[in-house]
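One structure, pasted below without further comment.
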Ligand code: MN
Ligand code: MN
């Protein structure tokens with residue numbers, strides 16, 4: 001066999017790994033960087049699930065989407081671009097296709113919640129003449145990531161007369177911020193050096209430093225706490241009891257930033273999973289009208305980081321309710337059988353991040369099957385823990401179909417696995433959609449420092465994920 005023959009054989013049968021930047025021409029690279037500027041803006045405006053939901057609805061409205069609720073009550077049901085928002089925390093956008101909805105929709109499902117520190121319901125106290133607030137962490141965090149960091153507060157307090165008070169403190173450069181203190185290295189040795197990480201960093205020590213000026217006479221008790229509460233009362237009219245009915249989230253106060261001399265990477269809080277939220281949102285909004293055969297749906301769930309529970313999480317009936325509404329405005333039967341068949345006939349990409357191989361922690365991955373930064377959108381056939389347990393495990397047939405769509409549309413893709421066998425693991429919303437009988441595949445970019453306050457993505461992967469989702473919406477026909 002000569003060299004040319006060998007080369008031909010290799011080209012034919014060996015799988016190729018492609019770095020996205022090797023595949024793009026100059027104009028595509030310009031597009032890529034432009035797309036990522038808007039992505040960073042979206043991240044900065046969407047630091048909580050409610051703010052993300054608001055952004056999504058605003059962007060959809062600007063593109064002519066209408067609230068599906070308004071169509072359910074009116075005689076006229078004329079609209080093919082609709083949105084549905086539930087409890088302000090869970091959103092769906094849909095573009096109705098020319099085919100009846102019963103033949104199924106192309107669905108991309110992501111989540112808009114991210115790990116953070118939530119204020120407890122009785123948060124404010126004082127200790128050593130410092131005002132502090134108790135938190136309870138939400139989602140899987142490495143607790144030490146959240147120490148000695150400027151944090152902003154976002155959320156809503158419902159007052160005793162049922163009035164919502166929205167709070168955002170720490171995002172404006174002139175705002176104060178909050179922080180969780182950490183032990184100095186000089187004194188950490190004896191206390192911490194030989195202990196386990198879980199013993200050293202405890203949830204009950206994640207308390208936010210919030211003030212130090214007293215109110216009232218020296219002989220009074222808890223004067224710092226009183227001062228904090230008084231400031232809140234003067235500014236917002238809220239009392240201590242009002243925190244019982246409040247959701248206040250402490251998140252990193254920093255903005256999304258470019259990383260590296262070549263500005264090819266993005267560092268930001270909340271990229272899991274707002275990276276998939278933004279790319280799937282833009283894929284739906286930018287979907288070309290000539291590919292309107294099948295209905296396209298983008299789902300943005302809450303509560304994924306705590307197991308997709310609650311009425312706004314993927315375990316809820318939100319999707320069934322949405323499909324039922326869509327069938328109704330589409331003039332189709334809304335009986336249980338039609339609803340179920342519509343769901344079974346649908347196809348879904350579960351849009352979530354995977355873990356990219358980290359040069360400093362390669363050993364937690366199995367290199368042949370791990371995703372890498374910059375190699376495009378990542379298909380993850382299965383997730384799960386200890387033998388794929390708790391995983392959707394997509395069918396070969398559906399993976400094949402998506403792979404074909406990606407190849408035919410020049411999407412740079414790779415595959416991933418969440419760590420090597422028995423290293424740990426995790427899950428996504430995939431299985432909660434698969435229970436309806438539809439095909440589901442986990443598909444999204446791989447990132448570094450996942451669940452940290454500064455998660456890292458590759459701009460090339462962000463852009464390729466957008467193009468991949470768009471190809472799915474436009475080209476998946478069954
Ligand atoms: Mn996620
Ligand atoms: Mn996550």
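Residues of the stretch 343-366 being under 18 Å from residue 434 (Cβ atoms) and within 16 Å of ligand 2 (Cβ to nearest atom), which ones?
350, 351, 352, 354
In this structure, does residue 440 turn out to be part of a strand (DSSP E or B), surrounded by 24 or more Cβ atoms within 10 Å (Cβ to Cβ) and more than 16 Å from ligand 2 (Cβ to nearest atom)?
When the stated conditions are applied, residue 440 passes them.
Just to be sure, is residue 399 farther than 22 Å from residue 430 by Cα and either in the same structural domain as residue 72 (by TED's automatic domain parsing) or crowded, with 22+ Cβ neighbours inside 10 Å (or both)? Reasoning before the result, please.
Values: farther than 22 Å from residue 430 by Cα: no; either in the same structural domain as residue 72 (by TED's automatic domain parsing) or crowded, with 22+ Cβ neighbours inside 10 Å (or both): yes.
Judged against the criteria, residue 399 is not a match.
Just one of (1) crowded, with 20+ Cβ neighbours inside 10 Å; (2) in contact with a helix residue (DSSP H, G or I) (Cβ under 8 Å, 6 or more places away or on another chain); (3) part of a loop (DSSP other than H, G, I, E, B) trips up residue 348, so point out which.
(3)
So residue 215 fits all but one of (1) in a loop (DSSP other than H, G, I, E, B); (2) in contact with a helix residue (DSSP H, G or I) (Cβ under 7 Å, 6 or more places away or on another chain); (3) in contact (Cβ under 8 Å) with a residue 24 or more places away in the chain; what number is the exception?
Residue 215 satisfies all of (1) in a loop (DSSP other than H, G, I, E, B); (2) in contact with a helix residue (DSSP H, G or I) (Cβ under 7 Å, 6 or more places away or on another chain); (3) in contact (Cβ under 8 Å) with a residue 24 or more places away in the chain except (3).
For every residue, the table says whether it meets (1) surrounded by 13 or more Cβ atoms within 10 Å (Cβ to Cβ); (2) closer than 28 Å to residue 273 by Cα; (3) in contact with a strand residue (DSSP E or B) (Cβ under 7 Å, 6 or more places away or on another chain).
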position	(1), (2), (3)
13	no, no, no
20	yes, yes, no
38	no, yes, no
48	yes, yes, yes
55	yes, yes, no
81	yes, yes, yes
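Every residue, every condition in (1) within 16 Å of ligand 2 (Cβ to nearest atom); (2) modelled with pLDDT of 95 or more; (3) in the same structural domain as residue 327 (by TED's automatic domain parsing), yes or no:
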residue	(1), (2), (3)
92	no, yes, yes
138	yes, yes, no
151	no, yes, no
157	no, yes, no
164	no, yes, no
177	no, yes, no
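Yes or no: the stretch 74-81 includes at least one residue that is modelled with pLDDT of 95 or more, away from ligand 2 (no atom under 16 Å from the Cβ) and closer than 15 Å to residue 299 by Cβ.
Looking for residues that are modelled with pLDDT of 95 or more, away from ligand 2 (no atom under 16 Å from the Cβ) and closer than 15 Å to residue 299 by Cβ, one finds none in the stretch 74-81, hence no.
Tell me whether the stretch 328-345 contains one or more residues that are at pLDDT 95 or above and in contact with a strand residue (DSSP E or B) (Cβ under 6 Å, 6 or more places away or on another chain).
So far as the stretch 328-345 goes, no, none of its residues is at pLDDT 95 or above and in contact with a strand residue (DSSP E or B) (Cβ under 6 Å, 6 or more places away or on another chain).
Moving on to the next point. With (1) modelled with pLDDT of 95 or more; (2) under 29 Å from the mean Cα position of the chain (by Cα); (3) over 14 Å from residue 124 (Cβ atoms); (4) in the same structural domain as residue 153 (by TED's automatic domain parsing) as the list, and residue 201 as the residue in question, which single condition is left unmet?
(1)
The values are calculated or read from the model by the stated rules, or taken from the named source; none is laboratory data. Note that this is a predicted model, so its numbers are computed, not measured. Cβ: placed from backbone, ideal geometry, glycine included. Neighbour counts: every protein chain shown.
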